[in-house]
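Engineer: If you scroll down you'll find the structure; I have some questions about it.
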Amino acid sequence: MNWITKIIKAGEKIKSAIHKRASKEDIASSDWTSCCKGPILKKDLEKNLWVCPDCNKHHRIKPKQRFDILFGKNNYEIFKTPIPKDDPLDWTDSKPYKDRLKSARKKTGLNCSMVVASGSINNIKITAIASDFEFMGASIGAAEGEAFLFAAQHALEHKQPLLVVSTGGGMKMQESLFSLSQMTRSTLAINEIKSQGLPYLVLLTDPTAGGITASYAMLGDIHIAEPGALIAFAGARVIQGTVKEELPEGFQKSEYVEKTGFVDLIVERKDLSEKIGTLLSILLKKNSVISTVDNETTENTQPLSKVAS
């Protein structure tokens with residue numbers, strides 16, 4: 001073995017050791033995560049609802065963590081939603097789609113990225129949907145479409161408002177038109193919700209993009225967003241390359257999207273339950289303070305941010 005071969009093999013060993021230490025599996029199982037000032041204990045972050053106490057970054061959370069915050073710890077019912085055929089097109093790219101689904105299910109413990117639950121906020125029973133970004137980026141396929149329709153049907157049957165917590169990168173390319181058709185199906189379900197006089201609220205979280213933004217995430221009666229959430233259709237680099245101009249600072253962040261009129265309220269995670277409860281009370285006229293005609297007139301002349309504050 002000459003000296004060049006020895007150097008190459010030594011380099012491969014070092015590269016392998018570094019990769020092993022920094023693997024996603026190791027990070028996921030660790031007690032630590034990172035934010036603006038470096039390592040932070042996950043248990044400390046959890047105590048602050050997974051929001052960094054220094055930079056206020058709202059870290060991504062799982063559906064059950066989301067429901068715990070909105071409804072109270074385990075104070076809700078999670079439903080089993082229909083699962084259609086896994087791989088309608090027998091899709092294979094770098095690896096089979098069925099294998100991707102199998103890995104995502106093992107990683108998250110979910111059958112698809114969407115979870116449907118029912119609970120109470122401010123003594124108002126609601127149906128809610130939340131997605132897990134770790135399940136293939138919370139992209140939408142036939143299974144997620146069935147979950148959305150299940151939630152809409154449950155809301156209609158029980159005359160409950162529907163709250164959708166949006167996150168994800170869009171539609172699943174592995175399901176092609178089966179995936180794209182969920183944009184139409186979810187829109188029709190939302191129209192039915194609204195035709196029955198039931199509120200449809202959307203909570204936009206990081207990231208909400210692609211076909212999700214182009215369908216159910218932008219059809220709410222009220223759009224709420226967490227601070228700093230990415231809300232977009234196409235990526236910023238794609239847009240900049242198309243318009244050939246520098247984009248504004250903070251472009252596609254929730255604060256910028258609020259200024260352009262696509263978001264009504266930006267709400268800290270700790271305040272979400274209270275704010276949503278207030279909004280539902282107003283929309284359903286269940287708050288005695290605003291139930292009179294005079295008060296309704298007064299509220300209608302004020303900006304939404306004033307009413308919900």
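Read the figures in this text as sums done on the coordinates, not as results from a lab. Because the structure is a prediction, the values reported are computed rather than measured. Note: ideal-geometry Cβ built from the backbone for every residue, glycine included; neighbour counts use all protein chains shown.
Engineer: Cross-link list Lys43/Lys64; Lys42/Lys253; Lys80/Lys102; Lys194/Lys253; Lys37/Lys275; Lys57/Lys275: which exceed 22 angstrom alpha carbon to alpha carbon?
Structural biologist: Numbers: Lys43/Lys64 16 Å; Lys42/Lys253 25 Å; Lys80/Lys102 18 Å; Lys194/Lys253 28 Å; Lys37/Lys275 30 Å; Lys57/Lys275 20 Å.
Too far apart for the 22 Å limit: Lys42/Lys253; Lys194/Lys253; Lys37/Lys275.
Engineer: Within a Cβ distance under 11 Å of Tyr76, other residues only, what is the Lys/Arg minus Asp/Glu net charge? Could you put the intermediate results ahead of the total?
Structural biologist: Numbers: positive: Lys64, Arg66, Lys73, Lys125; negative: Asp68, Glu77.
Charge balance near Tyr76 sits at +2.
Engineer: Also, I was wondering about something else. Calculate one ³J(HN,Hα) per residue across the stretch 257-264 by plugging θ = phi - 60° into the Karplus curve 6.51 cos²θ - 1.76 cosθ + 1.60, and present them in order as whole Hz with x for glycine and proline.
Structural biologist: Coupling constants for the stretch 257-264: 5, 5, 4, 8, x, 8, 10, 8 Hz.
Engineer: For Ala229, what residues show an amide H to amide H distance below 5 Å, using hydrogens built from the backbone and excluding near sequence neighbours?
Structural biologist: Correct list: Ser254, Glu255.
Engineer: Pop a pseudo-label 7 angstrom from the Cα along the beta-carbon direction at both Lys98 and Glu245 and give the gap in nm to one decimal.
Structural biologist: Once both label points are built, they end up 5.0 nm from each other.
Engineer: Applying the Karplus parametrisation 6.51 cos²θ - 1.76 cosθ + 1.60 with θ = phi - 60° to the phi angles of the stretch 271-284, what ³J(HN,Hα) value in whole Hz is obtained for each residue in order, glycine and proline being reported as x?
Structural biologist: For the stretch 271-284, the Karplus curve yields 9, 4, 4, 5, 5, 5, x, 5, 5, 5, 4, 5, 5, 8 Hz.
Engineer: Could you work out the local net charge near Thr208, counting Lys and Arg as +1, Asp and Glu as -1, over the other residues with Cβ closer than 15 Å to its Cβ? List each step's numbers first, then the result.
Structural biologist: Numbers: positive: Arg60, Arg66, Lys253; negative: Asp132, Glu144, Asp206, Glu226, Glu255, Glu258, Asp264.
Overall, the nearby charge balance is -4.
Engineer: Continuing with this model, one more query. Using Cα pairs closer than 8 Å and at least 6 residues apart in sequence, work out the relative contact order for the stretch 180-269, in percent.
Structural biologist: Values: 131 pairs, mean separation 24.3, N = 90.
Taking the mean separation of contacting Cα pairs over the length of the stretch 180-269, I get 27 percent.
Engineer: Could you derive backbone 3J(HN,Hα) for the stretch 41-58 from the dihedral phi with the Karplus parameters 6.51, -1.76 and 1.60 (θ = phi - 60°), listing whole Hz in sequence and x where the residue is Gly or Pro?
Structural biologist: Computed from phi, the couplings for the stretch 41-58 are 5, 4, 5, 6, 5, 5, 4, 9, 6, 6, 10, 5, x, 9, 9, 6, 5, 8 Hz.
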